[in-house]
Amino acid sequence: MNKVPLTVKGAELLRDELQRLKTIERPAVVAAIAEARAHGDLSENAEYDAAKERQGFIEGRIKEVEGKLSNAQIIDPALLDADGRCVFGATVEMEDQDSGNSVTYQIVGEDEADIKAGKISVNSPVARGLIGKYAGDLAQVQTPGGIREYEIIDVRYE
């Protein structure tokens, strides 16, 4: 399996989720299954079916998170020395050349991506257009609405 790039913060969030799933969610669903079994006939027991389905989801998510963490390549943006280039983990301030709007994004792994929090996936069209560019460069990005141009204002590693 390929290495999964994660920032330090993203890896911490996955570890926290794994801890919560194993120590809180898993025991709670086991208790729910035991309680549903106590009600008798399992063939017509909706509580039992729902609890078993939830257990399957939790176990699947635990395996998924463990797999991602075991294949993680953890990158600390603060330790990067990329000479001002846009790279994984960098925070990029840029200006849309058409609208003049300024936006700031951090380039992160797929699991960390959250556009509302200003984090875009390294595999997104915008991030792919930014990678390797420097402050002052123009980046052309293919979007569903056509090609857009962004001027890179600043690149930080935080």
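The values are calculated or read from the model by the stated rules, or taken from the named source; none is laboratory data. Since we're looking at a predicted model, the values are computed, not measured. Here the Cβ is made from the backbone with ideal geometry for all residues, glycine too, and neighbour counts use every protein chain on show.
Are any residues in the stretch 60-78 farther than 15 Å from VAL4 by Cα, in contact (Cβ under 8 Å) with a residue 24 or more places away in the chain and not β-branched (Val, Ile, Thr), and if so, which ones? Answer for the stretch 60-78, where residues must be farther than 15 Å from VAL4 by Cα, in contact (Cβ under 8 Å) with a residue 24 or more places away in the chain and not β-branched (Val, Ile, Thr): ARG61, PRO77, ALA78.
Restricted to the stretch 128-158, and to residues that are under 21 Å from the mean Cα position of the chain (by Cα) and not in a strand (DSSP E or B), which residue is surrounded by the fewest Cβ atoms within 10 Å (Cβ to Cβ)? Applying the filter and picking the extreme gives GLU158.
Count of the stretch 15-52 residues, restricted to those that are surrounded by 12 or more Cβ atoms within 10 Å (Cβ to Cβ), basic (Lys, Arg) and at pLDDT 90 or above, is 4. Quick check on the stretch 60-92: of everything there that is at pLDDT 85 or above and charged (D, E, K, R), which residue is farthest from the chain's Cα centre (by Cα)? The extreme case among them is ARG85.
Scan the stretch 100-127 for residues that are farther than 15 Å from GLN73 by Cα and assigned to a loop (DSSP other than H, G, I, E, B) and the total you get is 6. Tallying residues that are among the charged types (D, E, K, R), in contact (Cβ under 8 Å) with a residue 24 or more places away in the chain and under 16 Å from SER70 (Cβ atoms) within the stretch 1-39 yields 4. For the structure I just gave you, tell me whether VAL87 is part of a loop (DSSP other than H, G, I, E, B) and surrounded by 12 or more Cβ atoms within 10 Å (Cβ to Cβ). So VAL87 fits the description; yes. If you check GLU12, GLU95 for being loosely packed, with under 13 Cβ neighbours inside 10 Å, under 30 Å from ILE153 (Cα atoms) and modelled with pLDDT of 90 or more, only one passes: GLU12.
Flag not set for GLU93, criterion: closer than 23 Å to LYS3 by Cβ and of a type outside the set (A, V, I, L, M).
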